[in-house]
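Written below as structure tokens is the structure these notes are about.
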Amino acid sequence: MGKNRAFEILETKEGILAENDGIALQVREELSASKTFFVNLMASPGAGKTTTLLRTIEALKDRWRIGVMEADVDSDVDARAIAQTGVKVIQLHTGGSCHMDAAMTKKGLDGLGLEDVDVVFLENVGNLVCPAEFQVGADVSAVILSVPEGDDKPLKYPLMFTVGDVLLINKTDCLPVFDFDVERCRRNIAPLNDHMEYFPLSAKTKEGFDAWIDWLDKKIRETVGCQ
Ligand SMILES: Nc1nc2c(ncn2[C@@H]2O[C@H](COP(=O)(O)OP(=O)(O)OP(=O)(O)O)[C@@H](O)[C@H]2O)c(=O)[nH]1
Ligand SMILES: [Mg+2]
């Protein structure tokens, strides 16, 4: 019981997040034992997660065996798009939840099956808030911010830009019609995150894609081994 109180105060959210982190650690250990590289892709709805994934798969699928987990509240639109590339894909329905947690991710990885996969991408639920709170055991947390959303988003949704390892500034083909300033965006993130890697690119025109692919391929090689 608390001091001078006849009742206990339980910080339930802290407990849930601590439990989640424990499961995320298990996921990480399992993936590390099976030499599987895991990318958690997070962004707002419509920022270009699926389009960026399609281009990324196109660039990497001859080098690595790829698996994709598509997480959505409903529908199978994105899994259908990914299936067109020929890589292994599973659609996960979160049942209304706005993020994937570590237990859901563990279930998804079991459903996908890792025996013939070197690299797994999770397209998290489109949301700039909730997915940032839940670790899923990823090697890389990749965040997409698209030009039409504005360069002030790191100020409004700081946690996402704090937990990210890499920021893909997508839809750079739209820069001429929006007042998004890439340097201002980086300045907004600097106080939150001193290790963020930045790749401005366009999933539509593929401009800037080579640098992102080279960086990701190097990270995968470091984990999975040379191919
Ligand atoms: N102009 C332009 N449009 C893009 C680019 N990338 C994606 N889009 C468009 O943006 C829209 C949303 O793209 P998606 O890839 O479906 O976005 P998403 O983040 O997967 O969306 P949800 O899964 O619904 O959260 C589509 O109409 C894409 O064609 C880009 O680089 N430039
Ligand atoms: Mg999508």
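Candidates are the residues of the stretch 69-95 that are more than 12 Å from ligand 2 (Cβ to nearest atom) and in a loop (DSSP other than H, G, I, E, B); the one that is surrounded by the fewest Cβ atoms within 10 Å (Cβ to Cβ) is Gly95.
Inspect all residues belonging to the stretch 105-123 and state whether any of them is in contact with an Asp or Glu (Cβ under 6 Å, 6 or more places away or on another chain), within 17 Å of Ala138 (Cα to Cα) and crowded, with 18+ Cβ neighbours inside 10 Å. Yes, that holds for at least one residue.
Condition check ((1) among the small types (Gly, Ala, Ser); (2) within 12 Å of ligand 1 (Cβ to nearest atom); (3) closer than 24 Å to Leu122 by Cβ; (4) modelled with pLDDT of 95 or more) across all residues:
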| position | (1), (2), (3), (4) |
| --- | --- |
| Pro154 | no, no, yes, yes |
| Leu167 | no, no, yes, yes |
| Asp173 | no, yes, no, yes |
| Val177 | no, yes, no, yes |
| Arg186 | no, no, no, yes |
| Leu192 | no, no, yes, yes |
| Glu197 | no, no, yes, yes |
| Leu201 | no, yes, yes, yes |
| Lys206 | no, yes, yes, yes |
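I need the full set of residues from the stretch 81-115 which are among the acidic types (Asp, Glu), at pLDDT 95 or above and out of contact with any helix residue (DSSP H, G or I) (no Cβ under 8 Å at 6 or more places or on another chain), in order please. Within the stretch 81-115, just Asp110 meets the criteria. When restricted to residues that are β-branched (Val, Ile, Thr) and under 19 Å from the mean Cα position of the chain (by Cα), the stretch 1-46 contains 4.
Just so you know, in the stretch 45-68 the residues that are within 22 Å of Met104 (Cα to Cα) and near ligand 1 (Cβ under 7 Å from one of its atoms) include one that is surrounded by the fewest Cβ atoms within 10 Å (Cβ to Cβ), and it is Pro45.
Just so you know, in the stretch 124-150 the residues that are over 20 Å from Lys107 (Cβ atoms) and crowded, with 24+ Cβ neighbours inside 10 Å include one that is farthest from ligand 2 (Cβ to nearest atom), and it is Val147. Scanning the stretch 104-116 for residues that are over 10 Å from Met69 (Cα atoms) and either over 16 Å from the mean Cα position of the chain (by Cα) or not in a helix (DSSP H, G or I) (or both) gives Lys107, Asp110, Gly113, Leu114, Glu115, Asp116. Within the stretch 16-48, which residues are within 16 Å of ligand 2 (Cβ to nearest atom) and hydrophobic (A, V, I, L, M, F, W, C)? Selection gives Val39, Leu41, Met42, Ala43, Ala47.
Quick check: anything in the stretch 151-162 within 16 Å of ligand 2 (Cβ to nearest atom) and either under 28 Å from Trp64 (Cα atoms) or touching a residue at least 40 places away in the same chain (Cβ under 8 Å) (or both)? No, there is no match, as no residue in the stretch 151-162 is within 16 Å of ligand 2 (Cβ to nearest atom) and either under 28 Å from Trp64 (Cα atoms) or touching a residue at least 40 places away in the same chain (Cβ under 8 Å) (or both). Among residues of the stretch 67-91 that are free of Cβ contacts under 8 Å to residues at least 12 places away in the same chain, those with a Cβ under 7 angstrom from a residue that is away from ligand 1 (no atom under 11 Å from the Cβ) and not aromatic (Phe, Trp, Tyr), sequence gap 6+ or separate chain, pair up as Ala83/Val89. Scanning the stretch 20-44 for residues that are touching a helix residue (DSSP H, G or I) at 6+ places or on another chain (Cβ under 9 Å), away from ligand 1 (no atom under 13 Å from the Cβ) and part of a loop (DSSP other than H, G, I, E, B) yields Lys35, Thr36.
Taking the stretch 167-189 as the range and being closer than 14 Å to Asp152 by Cβ and out of contact with any strand residue (DSSP E or B) (no Cβ under 9 Å at 6 or more places or on another chain) as the test, the residues that pass are Phe178, Asp179, Asp181, Glu183, Arg184, Arg187, Asn188.
The single condition among (1) aromatic (Phe, Trp, Tyr); (2) farther than 17 Å from Ala103 by Cα; (3) out of contact with any Ser or Thr (no Cβ under 6 Å at 6 or more places or on another chain) that Phe38 does not meet is (2).
The values are calculated or read from the model by the stated rules, or taken from the named source; none is laboratory data. What you see is a predicted model, and the numbers here were worked out from it, not measured in a lab. Don't worry about glycine lacking a Cβ; one is built from the backbone with ideal geometry, like all the others, and counts go over all protein chains shown.
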